[in-house]
Amino acid sequence: MYLVLTAMLALNVSTDILNGFVMVDDSLFSSISATEERNANMYKSFEQQKDDKPEKYAIPYEEAMAMKQKSDSLFSYIAKFKRDMAVIAIGEEKVSQHNYTTGYAVRGLAGTSNLDVTGQYGIVEGNGEKLRIRIEEYRDFLLSILAKDQNPMNQAEIHKMRDQFNMLFSCDSLYNNHEQKMDSWVNGMFDGMVLNATITVLSKMQNDIRATEGQMIQYLMGNADAMDLRVNKLQAYVIPKSDYVMRGAKYSAKIILAAIDSTQRPEYYIGDQRINDEGLYEVVAAGSGLKKYNGKIGVLSSTGEMDYLPFEGSYTVGEPTATISNLDMNIMYRGFDNKFSVSVPGVSNDKVSVSATGASVSRSGGNWVVKPGEGAKEVKLTVTANMDGKNQTMGTNTYKVKALPKPSSFFVAGGESKSEGFISKKNLLSGDAYVEASYGPDGILNLPWRITGFDVIVGSNTKHSDSGKLSEEQKSMIKNLPSGTQVTLGTIRAVGPDGKQQQLNAIPLRLK
């Protein structure tokens, strides 16, 4: 049996980790702002091309505007979703004050470690299901645009984009860490989730929406020029695989022309350094924050000379973060299987591993079991994740190791549990009466202690039992006792889950 401490679950995630979620969320907003600026420039260029050549660009421009409306609608809905949860958690006044001070409703908002709000708002009130429907509608809208393109030369690119959109906006079943089973997308997203983490995941979804929007703008613009034999106006763009990268992970970006002559092979440069002919830019992320780069694309002009088109790009590098949540307590107990739930945002559970100093670690279903060594006073847990084939340390935490506390002894009979006081002879001698060891109704632990023996003491007479129930000798001694007699249950011994025996407090009783 595992330790359960429901009332203190919100304290199981450290302040540093909660602050880490706030930092990641803030970094995502920086990435979103950079992507929105890039998208705005592309929309402006697209509009200019539509005005110059309406016969060529009017229809794809209208599709781009419809896509923009869908993207803005889902983006705003998620923003309201996050704000509504924050209001429930900390109140309208604090959220409004934060919005007045920073210009954002929830960006960088602290104090949202609540574990109940996400389930209440997302599951009980049905808002998670509404969000799921809107996400799937947005994905289906994007796929419907791609389905119109029957150009054989575009099918490979369309196939990749279709797979990408199905992955980014998938609402398939998720693993529910709280219930330890596969569950619906709604339950997996919102059941037992820390509000900070949920806000960060939703911000990541908003970042995906803006990145996808940019990719679709480039696709629609490029598709309008796809059948041109020659190009008289070129635009250089950067298509990142992801705008947000963990430190130590790889950043990948595709540098392309919106429309090209297929008979030419452009030259791609980062700064003044030429890269591969495919325009694939990769660099190992180092340091945290917004990273910018620039370069140029060289294409052969009609005069036979190289024309160079400049471009700029950016990506955000975030610090590695991990959630280490002790489902039992904020400490570990020696000789006991302490249960932990460990997850890393954006990384599947099969790519996450846990190691420890001063303890053994094993996986149990979707959780981890940590058993401190006999002489350990502290245990340090380290969480690593496999990122692109490389193990990356995501976070560490240190826990104090304590011996299991001694429980109290109680006599249970007739639906009552007594540690002292008056008792009827009938209840004392009933067949279902027994001695138990527990931490009482107000205790924070619930562990299986086993009574190995106790004595019944009446005056100078003592009778023994080798279990938690009265022996026949003890019952015979009690049967003829008059009312008011003191009956003491003493020398009570019990063995806990750590295998160690403890002698517990005596139980003084008086017959009614």
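The values are calculated or read from the model by the stated rules, or taken from the named source; none is laboratory data. Just so we're clear, the structure is a prediction, and the values are computed from it rather than from any experiment. Neighbour counts run over all protein chains shown; Cβ positions are idealised from the backbone, glycine included.
Data table
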quantity: Residue within region 52-62 that is touching a Leu at 6+ places or on another chain (Cβ under 6 Å), under 15 Å from G289 (Cβ atoms) and part of a helix (DSSP H, G or I) present; calculated: no
quantity: Residue within region 154-176 that is buried (at least 18 other Cβ atoms within 10 Å of the Cβ), within 26 Å of I239 (Cβ to Cβ) and without any contact (Cβ under 8 Å) to a residue 24 or more places away in the chain present; calculated: yes
quantity: Where a residue in region 348-364 is under 18 Å from E378 (Cα atoms) and its partner, wherever it lies, is not in a strand (DSSP E or B), with Cβ under 7 Å and at least six apart; calculated: G358/G373; G358/A376; A359/G373; A359/A376
quantity: Checklist (1) over 25 Å from Q503 (Cβ atoms); (2) among the charged types (D, E, K, R); (3) at pLDDT 90 or above applied to K390, failing item; calculated: (3)
quantity: Residue list for region 481-510, restricted to those being assigned to a strand (DSSP E or B), more than 21 Å from P405 (Cα to Cα) and in contact with a Leu (Cβ under 6 Å, 6 or more places away or on another chain); calculated: V487
quantity: Residues satisfying the stated conditions in region 408-430, i.e. in contact (Cβ under 8 Å) with a residue 12 or more places away in the chain and assigned to a strand (DSSP E or B); calculated: S408, S409, F410, F411, V412, A413, S417, K418, G421, F422, I423
quantity: Residue identified as closer than 30 Å to Y251 by Cα and in contact (Cβ under 8 Å) with a residue 12 or more places away in the chain among V344, V435; calculated: V344
quantity: Wholly within region 235-276, strands (runs of 3 or more DSSP E) carrying at least 2 residues that are crowded, with 16+ Cβ neighbours inside 10 Å and at pLDDT below 65; calculated: 244-246
quantity: The one condition in (1) surrounded by 18 or more Cβ atoms within 10 Å (Cβ to Cβ); (2) part of a strand (DSSP E or B); (3) not small (G, A, S) that L470 fails to fulfil; calculated: (2)
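For every residue, the table says whether it meets (1) buried (at least 18 other Cβ atoms within 10 Å of the Cβ); (2) part of a strand (DSSP E or B); (3) at pLDDT 85 or above.
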| residue | (1), (2), (3) |
| --- | --- |
| G335 | no, no, no |
| S355 | no, yes, yes |
| V379 | yes, yes, yes |
| V383 | yes, yes, yes |
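One line per residue, one yes/no per condition, for (1) more than 30 Å from K339 (Cβ to Cβ); (2) surrounded by 12 or more Cβ atoms within 10 Å (Cβ to Cβ); (3) acidic (D, E); (4) outside the structural domain of D337 (by TED's automatic domain parsing):
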residue: G431; (1), (2), (3), (4): yes, no, no, yes
residue: I444; (1), (2), (3), (4): no, yes, no, yes
residue: N461; (1), (2), (3), (4): yes, no, no, yes
residue: P482; (1), (2), (3), (4): yes, no, no, yes
residue: V495; (1), (2), (3), (4): no, yes, no, yes
residue: D498; (1), (2), (3), (4): no, yes, yes, yes
